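Written out below as structure tokens is the structure these notes cover.
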Amino acid sequence: MESKLALTVDGEEHAIVVDNRTTLLDALRDHLGSTAPKKGCDHGQCGSCTVLEDDRRVTTCLSLAVAHDGASIVTASGLSGDDGLHPMQQAFIDQDAFQCGYCTPGQICSAIGMLAEAADGSPSFVTDDLAEAPSLTDAEIRERLSGNLCRCGAYVNIVAAVKQAAEEGTA
Amino acid sequence: MNPFDYERATDAAGAVTSVAARPGATFLAGGTNLVDHLKLGITSPELLVDISHLPLTTIEEEADGALVIGANVRNADLAAHPLVRSRHPVLSRALLSGASGQLRNLATTGGNLLQRTRCVYFQDVTTPCNKRVPGSGCSAIGGHTEQHAILGASEHCVAVHPSDMAVALAALDAEVLFLGPDGPGSVTVEELHRLPGDAPEQDTVLDPGHLITAIRIPAPAPGARSTYRKARERSSFAFALVSLAAETVVEDGVIARARLALGGVAHKPWRAHRAEEVLRGAPATTETFTAAAEAELDHARPLEGNAFKVPMARTMMIAALEELTGEDA
């Protein structure tokens, strides 16, 4: 009970055959050697496996790879370009926004996806007026990133890093 | 996880035929609940029919102002839609109170309705659970009951439905449109989910071959205001201990219309008809709101560990009604 599928990961096209039970996360890590997305809880609760699929942030542990045949995925490894690190990555370094680093690839992908959502005007649960475009207060950033846990507790500096990247207009 | 076949549906009718034809077949949408259940061993389907690529992704306004929302509209997109935000803020807020940003980008409207309880005993295959294995017993009764039902439970199951979205849709009198082997059908969101009774394994009135294709929300009444409140063990990314969807229309200080539904308290979104009856035609005062909350919660039967849900629900109902009907509302 296997399926053949195509995935574009960090700009590179791949054709793989996977057991139908394989999650997208396991396909990335074990079949394609793309180890930026991390397996933390494997139940959608920690966010360390977050990537950008068609520019939207998603967890990969609760997706079956076969259901994402044809998807285009960007992991934290695929964010940097010819001119160096992605501004969100640089902001995490500048603001000392990680300690052990395990959650960091997921945090960074989630933060980039989140800034795009906010730039589109999407509200959050802490947005007072649903009719207004939200402004990225600390409370908004914390709420919007609540799907990414950091057991080192780097949250204060993660908020600072996201603010830095947002102010640089890198959404 | 047991092996399974996979089929990517290309049209809704074909998907229904595939699932209806094979016992052990089930639909796959966003996967955020089903894939977790595959890992936990809660369910072992033989065939997954992937409906996530069907173009059930539109939000359309009908001539009478109703919104028809495709079953594959992602929770994030539904919450952010301008017509939902302006007409049914209760629905936007309910959606935004659930899960996390990256999960809301995957989870679908149909899948959200059909997600299953997060009762820890249901999710732990080493413990008896009538919902998971009919007739095996209920580990929650006599166990840790903080999360469990205070209304409409049975001796066989005290689990609660986890959806926030469904609570808002129940309050809004939304309708579920589905396609089955015998053609299309519909059921209200309030009627969709069952109370556990002696068959807690059946979450809804739908058969396995019934595919939700859309939900329909009637147009709001002129002057309607709505909101969603949620109490939980942490301030974000947690299921409700108690939640409330509330919508009111007040005319000259009198409640012309009130629709309330509670979440986290029952096996289904709990439409508070008794409270609504007290509110209808009554002055919009705290006394009225208190009487309404008590009319509903007089029927609560808390368990050993969740008596706190009764005052929590009462306070929430009163506070939400004060917010919606206050002068600066």
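The values are calculated or read from the model by the stated rules, or taken from the named source; none is laboratory data. Computed from a predicted model, the values in this text were never measured in an experiment. In this analysis, Cβ positions are derived from the backbone assuming ideal geometry, glycine residues included, and neighbour counts consider all displayed protein chains. Heavy atoms of the whole protein, side chains included, go into the accessibility calculation; ligands, DNA and RNA do not. Shrake-Rupley method; radii C 1.70, N 1.55, O 1.52, S 1.80 Å.
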Checklist entry - Scanning segment A:12-23 for residues that are open to solvent by less than 10 Å² (accessible area, probe 1.4 Å) and either touching a strand residue (DSSP E or B) at 6+ places or on another chain (Cβ under 6 Å) or closer than 22 Å to A:Gly113 by Cα (or both), which turns out nearest to the other protein chains (Cβ to nearest Cβ)? => result A:Asn20
Checklist outcome for this item: Within segment A:94-121, residues farther than 14 Å from A:Tyr155 by Cα and either within 14 Å of another protein chain (Cβ to nearest Cβ) or loosely packed, with under 14 Cβ neighbours inside 10 Å (or both) come out as A:Pro105, A:Cys109, A:Ile112, A:Gly113, A:Met114, A:Leu115, A:Ala116, A:Glu117, A:Ala118, A:Ala119, A:Asp120, A:Gly121
Next on the checklist: Go through segment A:30-84 and report how many residues are in a helix (DSSP H, G or I) and closer than 14 Å to B:Thr32 by Cβ.
Outcome noted: 2
Item to check | Enumerated strands (runs of 3 or more DSSP E) restricted to segment B:152-230, each holding at least 1 residues that are among the hydroxyl-bearing types (Ser, Thr, Tyr) and either in contact (Cβ under 8 Å) with a residue 40 or more places away in the chain or not assigned by TED's automatic domain parsing to the domain that holds B:Trp270 (or both) | outcome: B:183-188, B:211-217
Next on the checklist: So in segment B:237-265, with the set limited to residues that are surrounded by 19 or more Cβ atoms within 10 Å (Cβ to Cβ) and part of a loop (DSSP other than H, G, I, E, B), which one is farthest from the chain's Cα centre (by Cα)?
Outcome noted: B:Phe237
Checklist entry - Considering only residues of segment B:7-32 that are of a type in the set (Val, Ile, Thr) and part of a loop (DSSP other than H, G, I, E, B), which is nearest to B:Leu47 (Cα to Cα)? => result B:Thr10
Checklist entry - In segment A:24-65, which residues are at the interface with another protein chain (Cβ under 9 Å from one of its Cβ atoms), over 14 Å from the mean Cα position of the chain (by Cα) and either over 20 Å from B:Leu40 (Cβ atoms) or surrounded by fewer than 24 Cβ atoms within 10 Å (Cβ to Cβ) (or both)? => result A:Asp42, A:His43
Checklist entry - Could you give every pair whose Cβ atoms fall below 8 Å, whose first residue belongs to segment B:293-321 and is farther than 16 Å from B:Arg271 by Cβ, and whose second residue is charged (D, E, K, R) and buried (at least 19 other Cβ atoms within 10 Å of the Cβ), counting only separations of at least 6 or pairs across chains? => result B:Glu294/B:Arg314; B:Pro302/B:Lys309; B:Ala319/B:Arg229
Checklist outcome for this item: Note on B:Asp64: of the conditions (1) away from chain A (no Cβ under 12 Å); (2) without any contact (Cβ under 8 Å) to a residue 60 or more places away in the chain; (3) open to solvent by 40 Å² or more (accessible area, probe 1.4 Å); (4) under 23 Å from B:Ala261 (Cβ atoms), unmet is (2)
Checklist entry - Listed residues A:Ser122, A:Ser77, A:Ser72; which is within 25 Å of B:Gly98 (Cβ to Cβ) and of a type in the set (Gly, Ala, Ser)? => result A:Ser122
Checklist outcome for this item: Residues in segment A:85-98 that are of a type outside the set (A, V, I, L, M, F, W, C) and assigned to a helix (DSSP H, G or I) total 4
Next on the checklist: Looking only at segment B:128-142, filter to residues that are buried (at least 18 other Cβ atoms within 10 Å of the Cβ) and polar (S, T, N, Q); which one of those is farthest from B:Asn306 (Cα to Cα)?
Outcome noted: B:Asn130
Checklist entry - If you go through segment B:283-297, how many residues are surrounded by fewer than 17 Cβ atoms within 10 Å (Cβ to Cβ) and not acidic (Asp, Glu)? => result 5
